[in-house]
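The values are calculated or read from the model by the stated rules, or taken from the named source; none is laboratory data. Since we're looking at a predicted model, the values are computed, not measured. Positions of Cβ are generated from backbone atoms using ideal geometry, with glycine treated the same way; all protein chains shown enter the neighbour counts.
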Ligand SMILES: NC(=O)c1ccc[n+]([C@@H]2O[C@H](COP(=O)([O-])OP(=O)(O)OC[C@H]3O[C@@H](n4cnc5c(N)ncnc54)[C@H](O)[C@@H]3O)[C@@H](O)[C@H]2O)c1
Ligand SMILES: [Zn+2]
Ligand SMILES: [Zn+2]
């Protein structure tokens, strides 16, 4: 088969590799139909995630079950499935406590030895461990593009909103409307927010945020964010804040834009340590939540898409064939004008 392999800093190639095989009875081999590039791939390639070089890339993929291990009971060859970015075993002490993000055996697909040494989703086939625990079947009415968001970005954006919005009627501000922030904007409708403000420096992303549910947009390169938020909120500030950019400029703006008693959910991964004015946050009774997307809820999100309550597919702004994936990764990492997220068709 072919897969994207990362050999060094910012160095990746589409190479031939042996097909993955069933290694444990709980494994499933997925024939990938669609994959995509993530902001986290950009972090990995830039060396921010401290994993030794030499591993396949990609953690967001959907496909069809190709082979099942002897102990797999929930899946059969031919089933359409979406994998979580980070699989979990379901039986270790952390999983039994419900803390699947910290599964003692788990890891992140396509992220190298520091994250479990798993296969990568930018490939024609992937071995998915503990399939009965962590793989999701895609309902018939849900497209590959829609399902592809559920393994990471939609679940992460939604998890952030769930942790930031405590009650209906609040104003939610989202910093960074890349794919993850756009998913936060889009899922805010599930929580009865009164108003959604999206902040980003890229005009096309702000336009997409409006299409996916933002009421107001602010471009910090054209407008002073704190003053604009004060004007939009009658001086109160935002009661709920999601940060899906994870840069010093947005972290520094949290407290000034937040209302007294606000909740902030941080899902952007800072490339380096950031400074935070905790004293100012304490004086405004601000609660900070950080974390990974709640991938245990992938089936919930698939059901919300199936019922028509969510449609994140506009986030894919172009479709490219697998032969062009190296180019698609380069364009994503270098922020090609107009590109938000590419849908890569593998088979
Ligand atoms: N916590 C999790 O479970 C989880 C899961 C997936 C991704 N992530 C992380 O979330 C972040 C976003 O991922 P993405 O795929 O959407 O990436 P992305 O890089 O496309 O999105 C980041 C957005 O932030 C914007 N931005 C940058 N500086 C800004 C500023 N000063 N003010 C406002 N906006 C600014 C960028 O223009 C961009 O649109 C990444 O750090 C990624 O690694 C976290
Ligand atoms: Zn991702
Ligand atoms: Zn586990």
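In the range 225-244, which residues are assigned to a loop (DSSP other than H, G, I, E, B) and under 11 Å from residue 199 (Cα atoms)? 244, the sole residue that qualifies.
How about the range 121-146: which of its residues are within 16 Å of ligand 1 (Cβ to nearest atom) and touching a strand residue (DSSP E or B) at 6+ places or on another chain (Cβ under 7 Å)?
Correct list: 121, 122, 145.
Just one of the numbered conditions (1) more than 16 Å from ligand 1 (Cβ to nearest atom); (2) in a loop (DSSP other than H, G, I, E, B) is not true of residue 67: (2). Do we have any residue at all in the range 257-270 that's in a helix (DSSP H, G or I), free of Cβ contacts under 8 Å to residues at least 60 places away in the same chain and over 19 Å from residue 212 (Cβ atoms)? No, the range 257-270 contains no residue that is in a helix (DSSP H, G or I), free of Cβ contacts under 8 Å to residues at least 60 places away in the same chain and over 19 Å from residue 212 (Cβ atoms).
Looking only at residues in the range 6-20 that are touching a strand residue (DSSP E or B) at 6+ places or on another chain (Cβ under 7 Å) and closer than 26 Å to residue 89 by Cβ, the one that is surrounded by the fewest Cβ atoms within 10 Å (Cβ to Cβ) is 19. The sole residue among 219, 243 that is in contact with a strand residue (DSSP E or B) (Cβ under 7 Å, 6 or more places away or on another chain), near ligand 1 (Cβ under 10 Å from one of its atoms) and under 21 Å from residue 39 (Cα atoms) is 243.
Matching residues to (1) assigned by TED's automatic domain parsing to the domain that holds residue 185; (2) modelled with pLDDT of 95 or more:
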position: 256; (1), (2): yes, yes
position: 268; (1), (2): yes, yes
position: 276; (1), (2): yes, yes
position: 303; (1), (2): no, yes
position: 312; (1), (2): no, yes
position: 315; (1), (2): no, yes
position: 325; (1), (2): no, yes
position: 334; (1), (2): no, yes
position: 337; (1), (2): no, no
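Summed over the range 64-96, the residues that are in contact with a strand residue (DSSP E or B) (Cβ under 7 Å, 6 or more places away or on another chain) and within 16 Å of ligand 2 (Cβ to nearest atom) give a count of 3.
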